[in-house]
Each structure stands twice: as C-alpha cells, then as structure tokens.
Amino acid sequence: MTRGAAVTRGALLLAASLAAWGCASGPGPAARQPAEAPERPPAVAAPAPPAAAPEPAPLPDRAQPPWSRAAVTPLAIGEVERGRFAGGPTWRIGTRRGVVLAWHPPGHRPRQAGVLIYLHGYFTTVDQAAADHRLLEQFRLSGRDALFVAAEAPAWNGEESVWTALGPLLDEVARRTGAPLPAGPVVVAAHSGGYRTLLLWLDDPRVQEIILLDGLYRGEDQLQAWLETGGPASRRRLVLLGDETAAKMEALAAAVPEAVLLPRLPPLRPGLDARARAARLLCVRSHQPHMAIVERGEALPLLLQGGRLPAAR
C-alpha cells in the first residue's frame, strides 16, 4: 500500500467513527467544538552524565629505592608493646591510623615537660623511620624533657594524611599509655612530606613551636600567618632547615621582620647561640642533603635543644 492510500484510508475511518459517534449521541449542536488539548509539561533537560572519576594514582613499588627496607613486625589495632630505652618507658601502639611510637626520658616531670610530635617524610613509615633514623636516640640526644611521639604520615603523594587533627592523636596516646599528657608546650617536628599533616594542625592553639626539616614545599603563607597570629608577645616559634627548600625558606625569612638566618647548623655542643634561641623565626641553611638531615641524626637534637621544650634532669 502506498503512503497516499494509507492516509486516505485513515481519513475515511476517522470520518466514519465521527459520524457513528454523532448518531449515537442524539440531537445536538450542528458543530461540536473539539476538546482542548491538555497542556504538555515543560520539557526537562536530561541530567548531565556524571563526570568521570579521576584515575587513582598508581600504587608505588615499595620494593624499589628509595623506599625503606627495614623489616616491620605487624601490630594489631589496640595492641600495645611496652619496652625500655635509655632508662625511660617506650610504647608501640597499634591504632586504626597506623602505629604510634612514644617514649619519655627517666626523671620525666609531666607538670613541666612538653610534648614533641614527630612526622616522618616520604618512602618510610613510623616503624621504619624509628629503625633507619634512630628516632629514639635523636630524642635522647636533645636532652629535653618531653613525651616524644612519632605518628604515621603520608609516605607518597597519593596517600592522604591519617591524623587530620592533633587532638585525637594526643587522646589516643594518653589512653593507650595510661600516662598523663604533659602540661608544657607542644612542639611539632616534620621532615619533608610530613609538612602535609603539620599544615592541618595549625589551628590547634596547643602548638607553640614548629620545626620543619627541609619541608617548606608549600604553605609559606599559612605558616607566616600562624606565626604572626599571636602578635609579638606570642610564644609561637617557627624553625626552618632548608636544603631542597632553601630558596623558599630564605624568601620567607625576608618577609618576616627580625627573622634570624644562619648559614649552616652549628655543632650540638655548644649549640645555638642566644640570638638564634630567641628568634621567633629561625632559618638555617643545611650543609647536609635532604635525606642525610634525618639519617645522620644531628639536626633534630640540636634544634630541639634550642627550642621551647624544657631540659631534662
């Protein structure tokens, strides 16, 4: 059947139907007005397809350098290993956010002592940094009276910080060790990529001193604002050691009045002079390369010794 024939037949059938309807309805108006067509709902644009999720960062090959090769004993969540180091108690704590290591020296006085939180850099974990960098020995060499805590931090660019706030970390340490948190200043030291977690803690008023070991890769404005928020009478202090980040460190030193810039680290004895100890912003050019800063174990004890933490007995 051709299209024209189909149209003609459809028209005849429609006419016959209308005639039959008119007959069955009885007498009425000669011409019946057709009912108004119902309004069509407004057209709704089809939702845009969801944006494609970004490709996850490929997992690193942790069997290749420079990843730490130190063996690690697994620790269950809630498990606490107690030990001794240099006459003081140690705690290795299993948490949902990784291992936390804590130690304080003998003769520890919680009412006067402070707290040091150490955040490791990339290519390692808390346990591996403790072994490779001899963290407890570095804490001991500082001669400071503090509860020393090493917490998990990102080990590569694709890993997020797990301790996004300082409070839960301190609460976990107090609960698992059973030891009172010291009443003195809280100092945060971070190497390299540990700066990423450190920046998340700047709004915690307990933090009085920050020591950044070649980690000023970004966050200069945040750190300057943190330093200057309390005004000249503030006890806040920022210490920067620069190798790869020396240029950014020196630019920040130029922007902060009365900053002290040292050409290199002095030896542990006699340590920092009075001017460097009193500086609210102390910047030191490192004579050691990036990884040697923590591997040789000289910088952290020296900078802790000249900072806010009180001396041990």
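Tabulated data for the structure shown
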{"item": "Cβ pairs under 8 Å, 6+ apart, first in the range 161-175 and within 15 Å of VAL80 (Cβ to Cβ), second loosely packed, with under 12 Cβ neighbours inside 10 Å and at pLDDT 95 or above", "result": "none"}
{"item": "Residue satisfying condition, being of a type in the set (A, V, I, L, M), surrounded by fewer than 24 Cβ atoms within 10 Å (Cβ to Cβ) and not in a loop (DSSP other than H, G, I, E, B), within set LEU101, LEU147, LEU181", "result": "LEU101"}
{"item": "Scan of the range 276-286 for residues that are surrounded by fewer than 18 Cβ atoms within 10 Å (Cβ to Cβ) and either touching an Asp or Glu at 6+ places or on another chain (Cβ under 8 Å) or not hydrophobic (A, V, I, L, M, F, W, C) (or both), ordered by number", "result": "ARG277, ARG285"}
{"item": "Near pairs, Cβ below 7 angstrom, 6+ apart or cross-chain, from the range 236-254 (assigned to a helix (DSSP H, G or I)) to any residue that is surrounded by fewer than 17 Cβ atoms within 10 Å (Cβ to Cβ) and not basic (Lys, Arg)", "result": "LYS248/GLU220; LEU252/GLU220; LEU252/GLN224"}
{"item": "Matching residues in the range 255-275 - criterion: being open to solvent by 60 Å² or more (accessible area, probe 1.4 Å) and outside any helix (DSSP H, G or I)", "result": "PRO257, GLU258, LEU261, PRO263, ARG264, PRO267, ARG269, PRO270, ASP273"}
{"item": "Hey, PRO270 farther than 27 Å from ALA153 by Cα and at pLDDT 95 or above or not", "result": "no"}
{"item": "Search result, residues across the range 287-304 that are in contact (Cβ under 8 Å) with a residue 24 or more places away in the chain and open to solvent by 20 Å² or more (accessible area, probe 1.4 Å)", "result": "PRO289, HIS290, MET291, GLU295, GLU298"}
{"item": "Top-ranked residue of the range 163-178 - restricted to ones that are part of a loop (DSSP other than H, G, I, E, B) and either touching an Asp or Glu at 6+ places or on another chain (Cβ under 9 Å) or within 15 Å of GLY219 (Cα to Cα) (or both), ranked as least open to solvent (accessible area, probe 1.4 Å)", "result": "TRP163"}
{"item": "Condition check for VAL187: open to solvent by less than 30 Å² (accessible area, probe 1.4 Å), assigned to a strand (DSSP E or B) and farther than 24 Å from ARG269 by Cα", "result": "no"}
{"item": "Condition met for LEU116 (at pLDDT 95 or above, more than 20 Å from ALA190 (Cβ to Cβ), surrounded by 17 or more Cβ atoms within 10 Å (Cβ to Cβ) and not charged (D, E, K, R))", "result": "no"}
{"item": "Flag for ARG109 being out of contact with any His (no Cβ under 9 Å at 6 or more places or on another chain) and either open to solvent by 90 Å² or more (accessible area, probe 1.4 Å) or not in a loop (DSSP other than H, G, I, E, B) (or both)", "result": "no"}
{"item": "Test result for ARG92, crowded, with 21+ Cβ neighbours inside 10 Å and either part of a strand (DSSP E or B) or modelled with pLDDT under 95 (or both)", "result": "yes"}
{"item": "First in the range 67-93 and more than 19 Å from PHE148 (Cα to Cα), second anywhere and at pLDDT below 95 and surrounded by 10 or more Cβ atoms within 10 Å (Cβ to Cβ), Cβ under 8 Å, 6 or more apart", "result": "TRP67/PRO60"}
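Rundown of residues vs (1) farther than 30 Å from ALA129 by Cα; (2) surrounded by 10 or more Cβ atoms within 10 Å (Cβ to Cβ); (3) modelled with pLDDT of 75 or more; (4) not hydrophobic (A, V, I, L, M, F, W, C), yes/no style:
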| site | (1), (2), (3), (4) |
| --- | --- |
| ALA24 | yes, no, no, no |
| ARG32 | yes, yes, no, yes |
| GLU39 | yes, no, no, yes |
| ASP61 | no, no, yes, yes |
| PRO65 | no, no, yes, yes |
| LEU75 | no, yes, yes, no |
| GLU81 | no, yes, yes, yes |
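The values are calculated or read from the model by the stated rules, or taken from the named source; none is laboratory data. Bear in mind that the values here come from a model prediction, so they are computed numbers and not experimental data. Here the Cβ is made from the backbone with ideal geometry for all residues, glycine too, and neighbour counts use every protein chain on show. In case anyone asks, the SASA skips ligands and DNA or RNA and just uses the protein heavy atoms, side chains included. Shrake-Rupley method; radii C 1.70, N 1.55, O 1.52, S 1.80 Å.
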